[in-house]
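The structure appears below as structure tokens.
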Amino acid sequence: MAASGETSLENTHVGKKKRLPKRYWEVTDEEGKTDGKKQKEDHVQTPKLTDPKIKQKNTRGPRTGGGNVISGKSDQFPGSAPIPNEKLKKFKRGEKGKLPPRPHHKLRDAVVRSEAATELAQKQNARYDLLLPEDAGFLEGDEDEDTCTISQDDIADAVDITSGAKYFNLVLSQFGPYRLDYSKNGRHLLLGGRRGHVTCLDWQSKQLMCEMNVMETVNDVKWLHTEAMFAVAQKKWLYIYDNRGIELHCIRKFNDVLRMQFLPYHFLLATASATGFLQYLDVSVGQEVAAVCTKAGRLDVMAQNPHNAIIHLGHANGTVTLWSPNQKEPLVKMLCHSGGVRSVAVDKTGTYMVTSGMDKKLKVYDIRSYKPLQSYFLPAGASCLALSQRGLLSAATGDVVQVYRDVWSSPVTKPYMAHRTKGTVWGAHFCPFEDVLGVGHAEGFTSMIVPGAGEPNFDGLDANPYRSSKQRQEWEVKALLDKIQPELICLDPGQLSQVDHSTWEQRHQDKVQALGFDPLAKEKFTPRLKTKGRSSSGKVEKRKKQVAHEDQRDVIRQTVEDRMKIEKERKEKENKEAAVAGQKSALDRFRK
Amino acid sequence: MAKSKTTRKKGKVTKMTSATVVVQGTEDDEEELHQALTEDVISASEDEGGSDDERKHCRLLEAISSLGGKTRKKLTERSEASIQVSEFTVNAEGEGDKINLSDLIGTLDKAPTALTATKKQLKNLEHNHTALDTPLTRKETEQIQRVVAFEKTSKEVSRWQSVVVQNQKAEQLVFPLNQEPSGPKRMEHVVSGWKAQTPLEQEIFNLLHVNQQPLHNPVLTQNEEATMKAMSLEEAKIRRAELQKVRALQSYYEAKARREKKIKSKTYHRVQKKVMRKEYLKRFDEMVKTDPAAALEELKKMELSRMKERMSLKHQNSGKWARSKAIMAKYDDGARKAMQQQLEVNKDLTMKLVIPTNEEDEDEVAEALPDFVNDAEPILDPINPWMRGKLSTEPAAQEESNCLVPPAAGPGDVKAGDGPDLLREEEEQVEETEEEAILRGFEERRKLRRAKDAVEVAPVVMEESEEMPTGKKAEMVTIESSDDDDEVVEISEFTSLYRGLVKDHVEPPVEPPRAGADPCVSQGEGPALLEEGLVRVRTLEDMELLGQDVSACEPAPQTTQTLSTEQTEPQSATKQADGKRKRKKMIDPNEVLTKEAKVIKVPFAPTAVEDVEDTDEQRFIIKEAFAGDDVISDFLKDKKKQESAGMPKVVDLTLPGWGEWGGGGLQPSRSKRKRFRIKVAPPPPRKDQKLLNVILSEKRNSSVAAHQVSQVMFPFTNPAQFERTIRAPVGHTWNTGNAVQKITAPKIVTQLGAIIEPISREELVKGENQAVTGKSNLRSDQGPQQKRRSQQKKKHKHKKN
């Protein structure tokens, strides 16, 4: 696993000061510190006498309910164990708001309850964080020794055998530069040679699953949701094979595909083609979800944002565009380089984007605010950028692979590691949950050890490197049930939890767009076709007018009726008033 | 009142009859005043025909007293003699006054002893108020009763208020109430019940004891212990075995019955019936001896069944079987016999039983009963529908239902036969009514829709008819104008770009203070630029890239300046109006992509072979670099286009030729154009207003909107509150299993198969003492005691605050 490299590295390279694991009774809060000290002192000096403070605490503590203690000794650590603040911070979900005023007691109840639930979840998460014991590895040189000068062979010699075996070369000089992909749990490796050689293997045990030549140019290879299926972008069409090399599908709708990305939670395979089309294939149902014409020429630079499933495309005019399947125009268009964009990579948290361009620059952007953070000048430029789970960046310049650490927060002057491969680098990927960087080049494949690259703690329910086939099946079913619909892909994944502020008109417009017609629209009158010259255009027009007039007449009739009614009422009222006011006398009959 | 009366009695008994005054006061606090007043009045009336002064004085007093009082009846005196006294002004004297009993005998002076005795008696009579008040009217009494009843019930009901509110507020309600808590018990409970028995256990326990592990006493209450005892395992087992046996027996019996029912043999059934009858009779005979009351009941039942038979067409020789037998009777002896038998049965059944004593009794009872008994529905004769007061539309159904009404209504098979029919009919009725209701609903809805359509259509048509021509014209006009506008925009764009390039030449001499700051970076642009850093470290590449501009930054030579001014002058003359705005908005391409680049040293340079390739590539890169400015300006153009597309167009509604001369080459006047140009309010500022190198799409994402909440539901008053409550995820992916269970706990939990009784009064009493049913989920790992304690603590804190 990830930490294995680090354990044996301790002898050769002095590590950072390793912290001892915290025990739960070690109070970490600043206010608790003094308490803890006092407790300790008391414990040492007078074990029988207890501090009054502690005593008070005990009486309040949850476990000393009865008061009477059988054994005569009180609990040293009353109550539940304290949770360190930084861990609580790690699992914080948004800000707590003010409580609504008292008169809205129902609202207040609802808010209080949800706050309590949130807090409970946060606390429990922080408490259970204890179960993630693995630490990430790292590499540190001796005094005045650069880590980038340490060769892979040295590292492989220094680490244990299993970790050392992770550095290996596959010499495959025949079928040209290789592109590669690791499966989601980092267990399986897929290699695709430009000249048609496709192979997949369990790279840790070096067990070959299948090997074949598709007898066509291979542009890109990608694992689908499991290691049972993979997609190969060949010269003309997109093909899908199973892990024994049997062709399952040839998808003719997807032509001239150059790059592919698989969105694991949406079961979408996004492809970028030479004709400038960005297409989405739902691999769970086998349907094309969206096809977007980017109008930006050949698309050979592609990356996905794992945070929000947005696809990033790099273009020759120095721009990077962000796409979702729901919109025909780019969500964002950023001008990143003054030359063409060579490669793009987005980090796991969806915060940073690293781009490299023809202008030999390497830039780091914050893609939440779209502002540049760092800009580096590489004398030879960089291609094939890849970011690891823990934020290491690999950049290839020609046949040299460089790995940088922490490119966004502080300016970097030299790489963390470097390695020269035998041929020009064609593809590079970090292996998930492993300290390994896979490099595909002209002469085959190189797996190099990069300490501190992989996430040391894996989520067994999400991507388990050690899962059995049964577990895999179960996971597949669950993942399909949890599949996120492509409509929900948007820049801010939290948008779903927000109230839609749109107006009625906007919503109506959306409805019209979705239905394809206006449900509230009045249907238009179309005159019936009549024979014997009665359907001449003049007659038709006349009939139309008649109908229109009839409609208008109805309206007018209605309004007139209304007016009459009002008038009548008014008159009646007047009459009544008059009758009350001037009572008729007997002599009124003679009046003229 | 009483006082005044007594005074009068003592002093002026003799003169009372001649002159008495009405005194009517009601309030006690005015009593004294009244007294004084009456005395005055009396004195006034005593010397009748006295001076006017006194009378005036009296009036005055009266007036004064009436001033202070609230509503007092006027004291009037009788001034003229008449039989009819007006009710408004003049009172008959002593009209409303109570006459004392003793007053009546005031004139009897002759026998003083007897008088005193009677007086005493009368006084006694007066003192004991045995006389009843007049009863209140029915309406009043009912009202009072209602009020009292309301108060009582409201008091009764309001006792439940707190419980109801609590249950409404409760996070979770567990039914049935009063459940024993199930699930794992606390450590203390388990440990306290357990005793160390084996030596090993004892040793361990000792060890624990020596180590003084904190253990607590059991927290079982008496009730809990009792309930624990009540649930012993043996008892439960015995009970279960019993139940099992009963169930098994029942199933055997059912199976047997089914088997017998299936037998088709008529003889078998006949024999069976006969046997049954015999047995029944035997039992009945026994019953007559032992339990006459039950026997009577039984007899009634028999009678009932007989009557039913009689009413039915059974044994009337009209059935299919009987008819066939009648045909066969000529030839077949057996058939004849069967017919005979049946006829006999029929005779038996149809024979009217004459029980004279009973009838007489009934008659007597009928006479003794009052009339109203027949009004309602006393089911005297439950079988006969005609005896009931009501006639129904479906006599048959009624009959059947009547058969069902009495508790002793015939044998079971009748019920079984009739029940379903009745039910079916009822169902049909229900269905019919349902259908009708649905139809009615449709009808109403249709009507409503029609009405709505009519309402909606009316204004729409009007608007259309009005707007159609103008709208078309407007479109035409706008198309034309938009073409013009496009041209204008293009021109202006070009000029602005051009100006951006030339600006640096122009501005220094014109505006010296502004030029002093930094000619390369115009400060008027957005703050985003400022944030990115004003100090621009120019790399070699940058110099190459922006060579021209750099040269422009240097103090400009005169020639260029003049040239530029020449160029700008005509433009400014033509488009002064929008030129200003354009200049303000213009973006200098130099300011995009100004982030300074850090050079990274790479340990090994790429290999030689790569270098060869790289030279080619580098050339390409250089080319790209020179084209870089183009890239930027292209991007800016694109952005501008997007912005202008988002801006609302000015609507020009000018019609040439109205009110002035029209024709080819004639423009409508400026004032008219100004008047009919409708300016639309500008849209809200773009999101990418301050980001120079970013274009953000302003299109609404309707696909997500379909899944969003569009209206905030009841308790929430604003969206922020609602959003805050759903900010935390609920699922298993983000939370621990325990937390998920607690967060997603159902509002009401019911035990499967348990009977849920309505809340009882004991519950109410308990509820007054403490919180009963509301069970808070979320204070997780604490017991109930603790919870209470924590609440107390909170209260304490509040107090402190």
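The values are calculated or read from the model by the stated rules, or taken from the named source; none is laboratory data. No experiment lies behind these values; they were computed from the predicted model shown. As a convention, Cβ positions derive from the backbone with ideal geometry for all residues, glycine included, and neighbour counts pool all protein chains shown. Accessible surface is based on the protein model in full, side chains and every heavy atom, while ligands, DNA and RNA are left aside. Shrake-Rupley method; radii C 1.70, N 1.55, O 1.52, S 1.80 Å.
Is one or more of the residues making up region A:185-196 more than 22 Å from A:ALA231 (Cα to Cα) and out of contact with any Pro (no Cβ under 8 Å at 6 or more places or on another chain)? Checked region A:185-196: no residue is more than 22 Å from A:ALA231 (Cα to Cα) and out of contact with any Pro (no Cβ under 8 Å at 6 or more places or on another chain).
Total residues in region A:136-152 satisfying the condition of being under 33 Å from the mean Cα position of the chain (by Cα), closer than 12 Å to A:TYR416 by Cα and more than 11 Å from chain B (Cβ to nearest Cβ): the figure is 3.
When each of A:GLN122, A:GLN152, A:GLN174 is tested for being open to solvent by 60 Å² or more (accessible area, probe 1.4 Å) and in contact (Cβ under 8 Å) with a residue 12 or more places away in the chain, the lone residue that passes is A:GLN174. Restricting A:LYS511, A:LYS530 to residues that are farther than 30 Å from B:ASN701 by Cα and either open to solvent by 70 Å² or more (accessible area, probe 1.4 Å) or touching a strand residue (DSSP E or B) at 6+ places or on another chain (Cβ under 6 Å) (or both) narrows the list to A:LYS530.
If you go through region A:243-278 and keep only what is within 17 Å of A:ASN326 (Cβ to Cβ), aromatic (Phe, Trp, Tyr) and open to solvent by less than 70 Å² (accessible area, probe 1.4 Å), you end up with just A:PHE267. Across region A:404-414, the number of residues qualifying as within 11 Å of chain B (Cβ to nearest Cβ) and either in contact with a Phe, Trp or Tyr (Cβ under 7 Å, 6 or more places away or on another chain) or among the small types (Gly, Ala, Ser) (or both) comes to 3. A residue that is modelled with pLDDT under 90 and open to solvent by 70 Å² or more (accessible area, probe 1.4 Å) can be found somewhere in region A:460-483.
The set of residues from region A:186-214 being open to solvent by 60 Å² or more (accessible area, probe 1.4 Å) and more than 20 Å from A:GLN234 (Cβ to Cβ) comprises A:SER205, A:LYS206, A:GLN207, A:LEU208.
Say whether the condition of being over 30 Å from A:GLY460 (Cα atoms), within 7 Å of chain A (Cβ to nearest Cβ) and open to solvent by 70 Å² or more (accessible area, probe 1.4 Å) is met by at least one residue in region B:710-725. Checking region B:710-725: at least one residue is over 30 Å from A:GLY460 (Cα atoms), within 7 Å of chain A (Cβ to nearest Cβ) and open to solvent by 70 Å² or more (accessible area, probe 1.4 Å). Scan region A:350-361 for residues that are outside any strand (DSSP E or B), open to solvent by 10 Å² or more (accessible area, probe 1.4 Å) and at the interface with chain B (Cβ under 10 Å from one of its Cβ atoms) and the total you get is 2. Scanning region A:223-252 for residues being within 23 Å of the chain's Cα centre (by Cα) and among the charged types (D, E, K, R) gives a total of 1. Among the residues of region A:327-342, some residue qualifies, meaning at least one is under 18 Å from the mean Cα position of the chain (by Cα) and not in a loop (DSSP other than H, G, I, E, B).
A count restricted to region A:286-311 and to residues that are away from every other protein chain (no Cβ under 13 Å), touching a residue at least 12 places away in the same chain (Cβ under 8 Å) and under 24 Å from A:MET229 (Cα atoms) stands at 12. If the condition is being loosely packed, with under 10 Cβ neighbours inside 10 Å and either within 14 Å of another protein chain (Cβ to nearest Cβ) or aliphatic (A, V, I, L, M) (or both), then region A:541-592 contributes A:ALA578, A:VAL580, A:ALA581, A:ALA586, A:LEU587.
Scanning region A:246-284 for residues that are in contact with a His (Cβ under 8 Å, 6 or more places away or on another chain) and among the aromatic types (Phe, Trp, Tyr) returns A:PHE262, A:PHE267.
For beta carbons closer than 8 Å, sequence separation of 6+ or different chains, a first residue in region A:367-382 that is on the phi < 0 side of the Ramachandran plot and hydroxyl-bearing (Ser, Thr, Tyr) and a second that is surrounded by fewer than 20 Cβ atoms within 10 Å (Cβ to Cβ) and part of a strand (DSSP E or B), the qualifying pairs are A:SER375/B:LYS598; A:TYR376/B:LYS598; A:TYR376/B:VAL599. Residue check: is A:MET417 within 10 Å of chain B (Cβ to nearest Cβ), of a type in the set (A, V, I, L, M) and touching a residue at least 60 places away in the same chain (Cβ under 8 Å)? Taking the combined requirement at face value, the residue satisfies it. Pairs meeting the criteria (first residue in region B:338-357 and modelled with pLDDT under 75, second residue charged (D, E, K, R) and open to solvent by less than 60 Å² (accessible area, probe 1.4 Å), beta carbons under 6 Å, at least 6 apart or on different chains) are B:LEU349/B:GLU309.
All told, B:LEU173 falls short of being at pLDDT 70 or above and open to solvent by 80 Å² or more (accessible area, probe 1.4 Å). Residues considered: A:VAL364, A:VAL403. Of these, the only one that is open to solvent by less than 10 Å² (accessible area, probe 1.4 Å), outside any loop (DSSP other than H, G, I, E, B), out of contact with any helix residue (DSSP H, G or I) (no Cβ under 9 Å at 6 or more places or on another chain) and not basic (Lys, Arg) is A:VAL364.
If you filter region A:103-135 down to residues that are of a type in the set (D, E, K, R), over 25 Å from the mean Cα position of the chain (by Cα) and more than 7 Å from every other protein chain (Cβ to nearest Cβ), you find that the one that is nearest to A:ALA453 (Cα to Cα) is A:ARG127.
Among the residues of region A:83-102, those that are more than 23 Å from the chain's Cα centre (by Cα) and open to solvent by 60 Å² or more (accessible area, probe 1.4 Å) comprise A:ASN85, A:GLU86, A:LYS96, A:LYS98, A:LEU99, A:PRO101, A:ARG102. Within region B:730-765, the set of residues being in a loop (DSSP other than H, G, I, E, B), of a type in the set (Val, Ile, Thr) and within 14 Å of chain A (Cβ to nearest Cβ) comprises B:VAL730, B:THR733, B:THR736, B:THR744.
Close Cβ contacts (under 9 Å, 6 or more residues apart or on different chains) running from residues in region A:73-99 that are more than 10 Å from every other protein chain (Cβ to nearest Cβ) and of a type in the set (D, E, K, R) to residues that are surrounded by 13 or more Cβ atoms within 10 Å (Cβ to Cβ) and assigned to a loop (DSSP other than H, G, I, E, B) comprise A:GLU86/A:THR28. Criterion first (charged (D, E, K, R), in contact with a His (Cβ under 7 Å, 6 or more places away or on another chain) and surrounded by fewer than 19 Cβ atoms within 10 Å (Cβ to Cβ)) does A:GLU140 satisfy it? The answer is yes for A:GLU140. Residues in region A:376-400 that are open to solvent by 10 Å² or more (accessible area, probe 1.4 Å), within 10 Å of chain B (Cβ to nearest Cβ), farther than 14 Å from A:VAL364 by Cβ and hydrophobic (A, V, I, L, M, F, W, C): A:ALA380 only. From the list A:LEU496, A:LEU491, A:LEU437, the one residue that fits, being among the hydrophobic types (A, V, I, L, M, F, W, C), in contact (Cβ under 8 Å) with a residue 60 or more places away in the chain and open to solvent by less than 80 Å² (accessible area, probe 1.4 Å), is A:LEU491.
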